[in-house]
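Okay, structure first, notes after.
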Amino acid sequence: MSVRRLSTAVAACLLAPTLAGCGWATEGDRTGSGRAADRTAATAGAGAGHTGDAAADLTADQRRTADRLVSVFAHSTTTISYDSVEDHHDGCGFTAGRAGFCTATGDLAEVVRRYADAVPGNPLARYLPQLRALAKRSSADTAPLGPDFVGAWRKAAADDRFRTVQDTAVEDLYYGPALRAARSHGLTSALAVAVFYDTAIQHGTDVDADGLPALIEQADAQAGGRPGEGVTEGAWLTALLSVRRADLLHPHNHDRAVDWPESVGRVDALQQLVTDRQFDLAPPVTVDPWGDEEFTVS
């Protein structure tokens, strides 16, 4: 794997208060879990309950495609990487799990809290005080967690209950907000939801200058309106991806100026899907985010 791909995948980290993933791709991430596809399929329709309108959600196949696209961008594999965990010394602390949850941002602590509530005495429960303290300080220091944290995470990832916790955390923190934002903004396609979903994981959903709401506002200005109000969905998504690409190249959060510019390939890959009018996300869907390997989601 090229250093360039490692740099692109690390781009998913934002510092607190925004909850955002922090996904690195490593050779270890490529192994993933043989049960990941079944787990994703089983939870694919969960977002409908968050919207109050099941028809507004994606089909199981569309959701599976969206999840696997995010996994390609975050881990360079179509397999959902529940067991991924590593400190890449990128300001995020440990980056772990399917969405690249980070010890410095608070979403990893939230995942462990949910797991502790569901399974008291699990291998990660004892780390919760340290995780909360690190998140409160937005600290990338992993030393307080000791040498056994990585092993504890990987052991927990063998538990289907922990995978379910990761799934529901993604649903609540990223996918659900992305789905609601896309639909409330007049976007009707599955591809639009996937674009919002990937943007939420990388940029967060808070009202900061790099967050999804700010990018939506800039896209309205660049497109000259909202979707369905004189602007086609394809044209508006192109505007959103354009402003997102510009933000990755020149982020307001200066901590991201080192790694975010290397991640524009994920935006280019999504733009190619828009250009090819793959609005239904009908598999197979093929992307080549880093320009050296195609990934086919089927």
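Things to note:
- Only one of ALA156, ALA182, ALA143, ALA169 that is surrounded by fewer than 22 Cβ atoms within 10 Å (Cβ to Cβ) and of a type outside the set (D, E, K, R): ALA143
- Single residue of LEU270, LEU248 found to be within 18 Å of ARG63 (Cα to Cα), of a type in the set (A, V, I, L, M) and assigned to a helix (DSSP H, G or I): LEU270
- In segment 100-129, the residues that are among the aromatic types (Phe, Trp, Tyr) and either open to solvent by 20 Å² or more (accessible area, probe 1.4 Å) or in contact (Cβ under 8 Å) with a residue 40 or more places away in the chain (or both): PHE101, TYR115
- Test set (1) outside any helix (DSSP H, G or I); (2) within 18 Å of the chain's Cα centre (by Cα); (3) of a type outside the set (A, V, I, L, M, F, W, C); (4) under 14 Å from THR238 (Cβ atoms) - GLN278 fails condition number: (2)
- Flag if PRO227 is in contact with a Ser or Thr (Cβ under 9 Å, 6 or more places away or on another chain) and farther than 22 Å from ASN253 by Cβ: yes
- In segment 175-224, the residues that are at pLDDT 95 or above, of a type in the set (S, T, N, Q) and in contact with a helix residue (DSSP H, G or I) (Cβ under 8 Å, 6 or more places away or on another chain): THR188, SER189, THR199, GLN218, GLN222
- THR238 being in a helix (DSSP H, G or I) and either open to solvent by 50 Å² or more (accessible area, probe 1.4 Å) or among the aromatic types (Phe, Trp, Tyr) (or both): yes
The values are calculated or read from the model by the stated rules, or taken from the named source; none is laboratory data. Owing to the predicted nature of the structure, the values given are computational and were not obtained by experimental measurement. Quick reminder, even Gly has a Cβ in these numbers, built from the backbone with ideal geometry, and neighbours come from all protein chains shown. We work out accessible area using only protein heavy atoms, side chains counted, and drop any ligands, DNA or RNA first. Shrake-Rupley method; radii C 1.70, N 1.55, O 1.52, S 1.80 Å.
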